[in-house]
Amino acid sequence: MIRQLLYAASYCTLCAAPNRFLKGKPGLNLGGGKIEHEDFLNLDLSLSVDRPFDLERYPLVIPPNSIERVVAISSLNYLSYERVVDLMFRVHLGLKNGGRLRIALQDRDRIWEMGVGGEFKELARRGNRYAVSGDFLLREYFSGFESSGSSCKFLYSCSFCLALIRNIGFSSVVVSSFLDPDSDLSIFDNRESEMFFIEATK
């Protein structure tokens, strides 16, 4: 109950006083958990971050042209399809011209291919973390899965995310890589096993 009240209070602050909500920080880290940076406001379900916020329940109504950078690493799969589409529109609106977005996720299409091709068994033989999670992800392909006490709502594909971000109106959308040396936003990359990284510029 207290957790839900804190989420509601954060949303009310965002709507009533967005500048106070943003705390003067030029960047947003969406669902970043413990990964923090002094220039980024961390929004997460955890109560120990800058702003506890439930992105699945409340829209991110940030003012137009008010932020410079947004990262969402390993977090969008915890949101429904409808919420992710809405969130990406709102992020685009909130970014200043030249502002950048970086996301990273598991790839639904790749997970399917790996399961059908038997690659999970080979990864298990080599001690890869998919030995534990791969078959589970495949089983839950359509219905989402439980992870870290939260429910993953949807497994997205790289092709879907690229098309969505391009169609929203970002001027540049590229596939990046883990800890990409050409991206200052890659400092938020938390695991190499994410199957795709996308960086976009408004």
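The values are calculated or read from the model by the stated rules, or taken from the named source; none is laboratory data. None of the values given here were measured: they were computed from a predicted structure. Using ideal geometry, Cβ is built from the backbone for each residue, glycine included, and neighbour counts are taken over all protein chains shown.
Which of the residues that make up the range 67-87 are within 16 Å of Leu14 (Cβ to Cβ) and at pLDDT below 95?
Start the filter on the range 67-87 by keeping residues that are within 16 Å of Leu14 (Cβ to Cβ), which leaves 67, 70, 83, 86-87.
Result: Arg83, single match.
Looking at the structure I just gave you, is Leu28 in a strand (DSSP E or B) and under 21 Å from Leu76 (Cα atoms)? Give the steps one after another, and end with the answer.
Working: in a strand (DSSP E or B): yes; under 21 Å from Leu76 (Cα atoms): yes.
Yes, satisfied.
Residues in the range 152-169 that are out of contact with any Leu (no Cβ under 7 Å at 6 or more places or on another chain) and either of a type in the set (D, E, K, R) or exposed (fewer than 13 other Cβ atoms within 10 Å of the Cβ) (or both): 5 in all. Considering the conditions (1) crowded, with 16+ Cβ neighbours inside 10 Å; (2) modelled with pLDDT of 95 or more, Thr201 is excluded by exactly one of them, (1).
Tell me which residues, restricted to the range 31-45, are assigned to a loop (DSSP other than H, G, I, E, B) and over 15 Å from the mean Cα position of the chain (by Cα).
First, the residues of the range 31-45 that are assigned to a loop (DSSP other than H, G, I, E, B): 31-36, 38-39, 45.
Matches in the range 31-45: Glu38, Asp39.
Per the listing Leu55, Leu87, the residue uniquely buried (at least 18 other Cβ atoms within 10 Å of the Cβ), in contact (Cβ under 8 Å) with a residue 40 or more places away in the chain, aliphatic (A, V, I, L, M) and touching a Leu at 6+ places or on another chain (Cβ under 7 Å) is Leu87.
When we screen Gly24, Gly33 for residues that are within 21 Å of Gly99 (Cβ to Cβ) and among the small types (Gly, Ala, Ser), the only hit is Gly24.
Within the range 148-181, restricting attention to residues that are charged (D, E, K, R) and in contact with a strand residue (DSSP E or B) (Cβ under 8 Å, 6 or more places away or on another chain), which residue is farthest from Pro64 (Cα to Cα)?
Ranking the candidates gives Asp180 first.
If the condition is being under 18 Å from Ile187 (Cα atoms) and aliphatic (A, V, I, L, M), then the range 13-48 contributes Leu28, Leu30, Ile35, Leu41, Leu43. Residues in the range 1-25 that are assigned to a helix (DSSP H, G or I) and of a type in the set (Lys, Arg) were compared, and the one that is surrounded by the fewest Cβ atoms within 10 Å (Cβ to Cβ) is Arg20. Of all the criteria given as (1) over 23 Å from Lys202 (Cβ atoms); (2) modelled with pLDDT under 90; (3) in contact with a helix residue (DSSP H, G or I) (Cβ under 9 Å, 6 or more places away or on another chain), the one not satisfied by Gly33 is (3).
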